[in-house]
Amino acid sequence: AALLVIDMQNDFLASGGLISKDGRDVSAAQELGKRLPAFISAARDAGVMVVFIRCVYTTERNFYLSDVWLEQAARKREGGYTRIPVCRDGAWEGDYYGEVRPQPGDVIVTKHRYNAFHNTDLDLILRSNGIRTVMLTGVVTNVCVETTAREAFVRDYYVVAVDDGCAAYVQQDHIASLSNIDRFFGEVATIKQISALWNAAAGAQVAAE
């Protein structure tokens, strides 16, 4: 199994980042930022591959922002991607949020669209390491997490969306996406449930030794 940590970057969680500038409520995402470090650490201890997925959108010449992307942003965002840079590489806005950040040995995958598989090496990395199950955490549940869950399922991975390991800016969006994933693309579990499985597996290994 691999634990995917999706888009835990300042623009999407921090006060002063893009989403807060848009006037949206980032409190649930910030609470998630407090829960995830211990869960990620437990995954490492259990020998689970940890993969950090990060966005890079804005560049000096906007290599990644197409006319379609910018048109959508102009209609639906308060300046994000048009007047306001988003997840600029090397800038605070694109940096990891708080203590949710990779350590040596973790995998880092950079994406330029919602889907973590789209034009990235994520699939190659997972298959090269015999990964069959992906556990999805991060933000936001109803956009990048759900889009990645759908793609993982159609690529024949077992999908687990971590309920309290994800967050959205509107709670109803979070609930609806998890319901959709559970119905069509995988299953939903909590941090406590997954951690209990890891602990049980560790206990069984100790007993066997």
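What number of residues within region 51-77 are open to solvent by 10 Å² or more (accessible area, probe 1.4 Å), of a type outside the set (Lys, Arg) and outside any loop (DSSP other than H, G, I, E, B)? Selection size over region 51-77: 7.
Of the residues in region 59-82, at least one is touching a helix residue (DSSP H, G or I) at 6+ places or on another chain (Cβ under 7 Å), β-branched (Val, Ile, Thr) and modelled with pLDDT under 95.
Among the residues of region 93-128, the ones that are in contact with a strand residue (DSSP E or B) (Cβ under 6 Å, 6 or more places away or on another chain) and open to solvent by 80 Å² or more (accessible area, probe 1.4 Å) come to 1 in all. The set of residues in region 118-129 that are assigned to a helix (DSSP H, G or I), touching a residue at least 24 places away in the same chain (Cβ under 8 Å) and not aliphatic (A, V, I, L, M) contains only Asp123.
Looking across region 178-191, just one residue is surrounded by fewer than 22 Cβ atoms within 10 Å (Cβ to Cβ), of a type in the set (A, V, I, L, M) and either assigned to a helix (DSSP H, G or I) or touching a His at 6+ places or on another chain (Cβ under 6 Å) (or both), and that is Ile191.
Taking (1) open to solvent by 10 Å² or more (accessible area, probe 1.4 Å); (2) under 20 Å from Val159 (Cα atoms); (3) of a type in the set (A, V, I, L, M, F, W, C); (4) in contact with a strand residue (DSSP E or B) (Cβ under 8 Å, 6 or more places away or on another chain) in turn, Phe12 satisfies each apart from (2).
Listed conditions (1) under 14 Å from the mean Cα position of the chain (by Cα); (2) within 21 Å of Leu36 (Cβ to Cβ) are all met by Ile175, apart from (1). Sub-7 Å Cβ pairs linking a first residue in region 150-177 that is in a strand (DSSP E or B) to a second residue that is open to solvent by 80 Å² or more (accessible area, probe 1.4 Å), at least 6 apart or interchain, are Tyr158/Arg132; Val159/Phe153; Val160/Glu187; Asp164/Arg35, ordered by first then second residue.
So, Asp106, is that one under 12 Å from Val51 (Cβ atoms), modelled with pLDDT of 95 or more and acidic (Asp, Glu) or not? So Asp106 fits the description; yes. Candidates Asn115, Asn142: the one that is part of a loop (DSSP other than H, G, I, E, B) and modelled with pLDDT of 95 or more is Asn115.
Residue under question is Ser27, and the condition is that it be farther than 28 Å from Val134 by Cβ and polar (S, T, N, Q); does it hold? No. Of all residue pairs spaced 6 or more apart or on separate chains, those with beta-carbon atoms under 8 Å, a first member in region 92-107 that is of a type in the set (Asp, Glu) and a second member that is surrounded by 15 or more Cβ atoms within 10 Å (Cβ to Cβ) and part of a strand (DSSP E or B) are Glu93/Gln9; Asp95/Gln9; Asp106/Val50; Asp106/Val51; Asp106/Phe52.
Cβ contacts < 6 Å: first residue aromatic (Phe, Trp, Tyr), restricted to region 12-28; second residue assigned to a helix (DSSP H, G or I), any location; separation 6+ or different chain. Result? Within 6 Å, the pairs are Phe12/Ile19. Of the residues making up region 23-46, those that are open to solvent by 30 Å² or more (accessible area, probe 1.4 Å) and not in a helix (DSSP H, G or I) number 4.
The values are calculated or read from the model by the stated rules, or taken from the named source; none is laboratory data. Please read all numbers here as calculations on a predicted model, not as lab measurements. So basically every Cβ, Gly included, is an ideal-geometry build from the backbone, and we count neighbours across all protein chains shown. Areas reflect the complete protein model, heavy atoms only, side chains present, ligands, DNA and RNA absent. Shrake-Rupley method; radii C 1.70, N 1.55, O 1.52, S 1.80 Å.
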